[in-house]
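The values are calculated or read from the model by the stated rules, or taken from the named source; none is laboratory data. The structure displayed is predicted, hence computed values, not measured ones. As a convention, Cβ positions derive from the backbone with ideal geometry for all residues, glycine included, and neighbour counts pool all protein chains shown.
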Amino acid sequence: MASGLLALLDDVVALAKVAAASVDDVAAQAAKAGAKAAGVVVDDAAVTPRFLVGFAAQRELAIIWKIALGSVKNKLVFLLPAALFLNWAAPWSVTPLLMIGGAYLCYEGAEKLYAAIAPHGAHEHEDHIAPSAVAPDALEAQKVASAIRTDFILSAEIMAITLAAIPPGSVAMQAAVLASVAIGITIIVYGAVALIVKADDVGLALAASDRPIASVFGLRDPGVGAPSGPDKALARLTRPLGRGLVIGMPYFLSLLSAVGVVAMAWVGGGILLHGLHEFGLHAPGHVIEVVAASVAQMAPGMAGVLNWIINAVAAALFGLGFGAVMIPIVHLAAPHTRALSGWLRGPKASLSS
């Protein structure tokens, strides 16, 4: 009896070691794969805050939460099983599907640049494509849906990079790594976005408080009596910091919005260039490589940095150019796509009535 119990315990310990090794393996592979997708993660964090412009401060966290939930759904419900299935059944389809997503990012980036250069024309184009909602609830839903669509493309790129970085193995291991990267990246991106968009509120609270310790830790009623000595000492730092955040955050958010536009064009253009290369059209990528190599030769000590900058700028310019071509095409196609969408919804409506 005792020997049987010891044998059982040995088996349990062995299984626990195998499980722990598997967890460690998943964590290690997720960390490596997530690092390779870091560039797109930065782009995702830069793109998202622009969808919050124009909303009341009390709605910002709620909107971020909705977008984050949509992002998790994108990654775990749609992209993870699709990536595993396509990687097994039709690996040739991954590149064209990513190129379609890249084209959408290029169009979005070019449209936002068009809005900055010619607001009236861009507004007419947007109304022609899809009339803007007037009611606050409808406008919020529209913005959230747009953010989730953009997140879908960026998430697809993240999942594709992650899957390519995972060594061959079982489907369960690949799924576990993809899920770990998806959840981790979503927490990092939308946690960072929440901190960014609420920084001005934090700054306002710091600038207005002369009792930072009492306010944070609840050591005493912050509205009663004179500030304590530690409060006075710390307030000399926190109040200027708060004023700096209040003054600086609007400029930072404007800069981040511009970075988001460039990021969409950069990622989208990079996807298209890579796809063209995969399909045998090497000329655009070759021209960029030649230019990058020529510039890098001017400063051999910074060759790697200059090569990266030239490739990134070229991808962004290519993406913006492609997106600019897409704007009139989308404008002309909008009535037909709306008619097709209405026709597709028609049978459903008749069935439900």
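Structure notes:
- Conditions (1) surrounded by fewer than 21 Cβ atoms within 10 Å (Cβ to Cβ); (2) in contact (Cβ under 8 Å) with a residue 40 or more places away in the chain: number failed by A82: (2)
- All of A57, A62 fail the test of being surrounded by fewer than 19 Cβ atoms within 10 Å (Cβ to Cβ), farther than 18 Å from T162 by Cα and in contact (Cβ under 8 Å) with a residue 40 or more places away in the chain, apart from A57.
- Filtered residues of segment 169-192 (kept if of a type outside the set (A, V, I, L, M, F, W, C) and closer than 27 Å to V47 by Cα): S180, G184, T186, Y190, G191
- Answer from D200, D221 - the residue that is of a type in the set (D, E) and at pLDDT 80 or above: D200
- Segment 233-246 - residue that is of a type in the set (A, V, I, L, M, F, W, C) and in contact (Cβ under 8 Å) with a residue 40 or more places away in the chain and, of those, nearest to L204 (Cα to Cα): V246
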